[in-house]
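Below: one structure, written as structure tokens.
Readers should treat all values here as calculations from the given coordinates under stated rules, not as data from a laboratory. Just so it is clear, the model here is predicted, and its values are computed rather than measured. Here the Cβ is made from the backbone with ideal geometry for all residues, glycine too, and neighbour counts use every protein chain on show.
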């Protein structure tokens, strides 16, 4: 009877040990799975045999279950690429921002022409070259990455870097220009307004005399008009000349049209837009007022 009892107890113990071993294997399977292994939950956490959830952690050796790389935190899913940089300006765009882009490209010799405010072929080519030189996608379009690189290499352009050939906005007219027929000339903004009765008819960029031959300031009147005038002192052409103070006149200047503000006059008010000055010349009368002010 004792032998049988001993055998019965032994069999029970063996059965209990077998059951414990089987449970241990199941727990190990539930805890070892990652990324779709048996027992892994759909939210990235492992489930215990009883169905309760416990946070996942790094496996031995510092390997992250999410990306399988030693010592790294879970990263973005593989195969994804970064979103492309947002395009700010591209061919066909116009405005002051495009003018600033062109001025900055000109500072570092990627653009030779003066800023125009229009994103054309030359600007696109300059941007493409700038991008290629710096290992950026050479699209010719100015995106946020390209713009930040350009900002870091250049300075804020001044007014005459933005408008070296004219085209700048005019300031408010002087109070003396608000009555009558007036050529209202502003030395601060380098602009001329042709005004009648306080209303601006046309506006154009102008250039003045140099330090040693300055343009006089004050209120004057047109005393002589000469369509094909040539300077007797400097032997230079002064087409559409409207004289207002001695030998000083408002007239078209081919030098201003070619060089912009890199040059200066001998005291006259130069206009670079021949079409604009031709129209004004046709309308201005002898005796009309001229106001030159800061």
Along each principal axis, Cα extent of region 158-294, largest first, Å: 37, 34, 28
Cα→Cβ-extended label distance, 7 Å offset, between residue 148 and residue 223, nm: 6.3 nm
Dmax and Rg, reported as Rg then Dmax, of region 87-162 (C-alpha, Å): 10.9, 32
Difference of contour (0.36 nm per residue) and Cα-Cα distance, residue 181 to residue 211: 7.8 nm
Proxy reagent accessibility, fewest Cβ within 10 Å first, across 192, 150: 150, 192
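Can you tell me the relative contact order of region 87-162? Whole percent, Cα pairs under 8 Å, sequence separation 6 or more. Each step should come with its number before you reach the end.
Working: 104 pairs, mean separation 28.1, N = 76.
Computed value for region 87-162: 37 percent relative contact order.
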